[in-house]
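What follows is one structure encoded as C-alpha cells, with my remarks underneath.
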Amino acid sequence: MKITRATTYIVGNPWKNWLFVRLDTDQPGLYGVGEGTLNAFAKTIEAAIHELAPRYEGMDPFQIETIYQRMTRDIYSEGAQIHLNAVAAIETACWDIIGKVTGRPIYDLLGGRYHESLPAYANGWYQGERTPEDFAANAAKVIERGYKALKFDPFGANWRAMVPAERRLSLDIVAAVRETVGPDTQIMIEGHRRFSVAEAVWFGHALEEFNPTWFEEPTDHTKIDATAEVGRKLAIPVSAGESFTTTHQFAELLKYNSVHILQPDPSSMGGIWRTRMVCAMADAHYAVVAPHQAQGPISTAVCVQIGACTPNLLVQELFDEFNVDWEREIVTNPVEQVDGRIQIPAGPGLGTDLNFAELEKHPYQVTNFLPLFAPGWERREGSTEKPAPGSAAVAAADETAPETVGAGAAAGEEV
C-alpha cells in the first residue's frame, strides 16, 4: 500500500480558517483525514503540505516514524509551528488509514483504551464584551451545558505589563466567573504568553484566592526558564507547552521540576506519535497532560484518541460546542459531551470523517483571524484589521478560495 496524493481543504471558520487534508492511497476508497490549522497561516501550511509531497508520496502509511523523519530531519530546515502543522496533517491521516485497515480506533494502536470517557473543559465560550457581567452570564451558560470546568483569558489586549485599572478589571472578571460557577467548578486562567515574569508572578499571587486549576502560559514559550521561574514562585499550578514543537522543549521544561501540567498540541507537535511521547515523558516526571486543542473538529478527534489511551490525562480542552453552528455538519461523527465528559468513539481510525460536500459552503476568508492583542478579540468575530480594498491580500483570497475549498487542492496543483 502506498500514499498517492494529498488534497487540502480550507474551511472558513470566522475567527480561524480551518485546514483539512485528505490523504489517498493506491487502495480504492482507502484514505485518511488530518488537520493542520494554525491561526492566520492556513494557506501557508497548505503550501507546505504540497511542497512536502515528495517526502510522503509513494510511502507506506504504516511507516509513521520514517515519514515523520523524511518530512522533518531529512529536509534539514526547521519551520516550527508552520512546518509541524503541515507534518501533523499528513501524520494524522496516516494513523487514520492504519486504523481503517486494522479495523481499530487509533487509541487501540497506542496502548489501548484506558478511560471510559474524558473530562473536558470548555473554551471559546466568552464571546462578548470584556466585562465581569458578560463573562459571568456566558459562564452560567457553560454550566447549563453540563461542564464542570472552563477556561478563559480575562486580560484583554494587555502585553508584558498592566496598569492598575487593567489589573482590577482582570481580577473582577475572574471573581465574577468564580462566583457564578461556584467553588467546585474548575476554572483555568489563560495567559496567552502575555506577561513578563514579574507581572505573571504578581498576577499569579492575586489569583490564589480564586483557586484556579492552573495559570496557563503566563510568559512566552521561547524562554523556557522564564516559565519555570513563574512556576517555582507561585502557589497555584502553572501549565505550559501548547506552543512547543519538539519533545526536547518539553524535556527542558521538565528538568526544572516546577511545571507539572503539560499541554502539548498535536498539530504543533507534528502529530499523534510525538504527542504520545510527551505524555509518557510527563508521566516519568509525575506530571499530567491537558492537550491543547483550539482548532477544528478533526483536531478534536485527534486529542480524543490520544486522551483515551493516556493514563496521566488531566482534562481535555473542548471548543466544539462554542464554534460555529455548522461545525457539526462538516464531520460525520461530531464529538459528544455529556455532563462535562467527552464520549470516546469506537469506530476505526479517528472515528470520524469529513463531509466533503459541506466544506465548500464555508470558503476561506483572509480576515478569519484571532487577533489576540487587539481590543475586542474576545468576541471572536475575525480580525479587526481588515485589508484595504484592492490590496494584494484580498486579491489573493478572491482568486484562490473557491478552488481551494470546493474541489480541494492536490499535491502538484496550484494552491
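Around the Cα centre of segment 107-343, unit charges on the Cβ atoms of Lys, Arg, Asp and Glu (plus for the first two, minus for the last two) sum to a dipole of about 600 debye.
The dipole here belongs to segment 1-114: it is taken about the Cα centre, uses +1 on the Cβ of Lys and Arg and -1 on the Cβ of Asp and Glu, and is about 200 debye. Against the chain, whose longest principal axis comes from its Cα atoms, helix 164-181 is set at around 80 degrees. Both radii were evaluated on the Cα set of segment 1-44; the Rg over Rh quotient, with Rh as the Kirkwood radius, amounts to 1.09. Against the longest principal axis of the chain, how steep is helix 42-51, in degrees 0 to 90 to the nearest 10, with axes from Cα atoms? Result, in degrees: 40. Sorting 87-93, 125-131 by average packing, meaning the other beta carbons within 10 Å per residue, from highest down gives 87-93, 125-131.
Relative contact order of the chain, taken over Cα pairs closer than 8 Å and 6 or more residues apart, is 23 percent. Charged side chains reduced to their Cβ positions (Lys and Arg at +1, Asp and Glu at -1) give the chain a dipole of some 700 debye around its Cα centre. Across the options Gly58, Gln27, Ala175, the greatest Cα extent toward the positive end of the charge dipole of the chain (unit charges at beta carbon of Lys, Arg, Asp, Glu) belongs to Ala175. Remark: for residue pairs Lys16/Lys151; Lys148/Lys255; Lys16/Lys148; Lys43/Lys223, the C-alpha separation exceeds 21 Å in Lys148/Lys255; Lys16/Lys148; Lys43/Lys223. What is the helix-to-structure angle for 272-284, meaning the angle in degrees between its Cα long axis and the longest Cα principal axis of the chain, kept from 0 to 90 and rounded to the nearest 10? Result, in degrees: 40. Annotation note: chymotrypsin sites (Phe, Trp or Tyr not before Pro) in segment 219-268 located in DSSP loop regions with a Cβ neighbour count of at most 14 within 10 Å are Tyr256. Of the trypsin sites (Lys or Arg not before Pro) in segment 1-91, the ones in a loop by DSSP (not H, G, I, E or B) with at most 13 other beta carbons within 10 Å are Lys2.
One entry in [x] 194; [y] 152; [z] 131 is volume of the Cα convex hull per residue in Å³ calculated from the shown coordinates; its label is [z]. Model label points for Ala80 and Glu329, set 7 angstrom from Cα along the Cα-to-Cβ axis, are 3.7 nm apart. As an exercise, identify the GluC sites (Glu not before Pro) in segment 334-384 lying in DSSP coil whose Cβ has no more than 10 other Cβ atoms within 10 Å. When the GluC sites (Glu not before Pro) of segment 334-384 are filtered for loop state and at most 10 Cβ neighbours within 10 Å, nothing remains.
Bear in mind that the values in this text are calculations on the coordinates, not laboratory data. The shown structure was predicted, so the numbers you read here are calculated from the model rather than taken from an experiment. We place every Cβ from the backbone using ideal geometry, glycine too, and count neighbours over all the protein chains shown.
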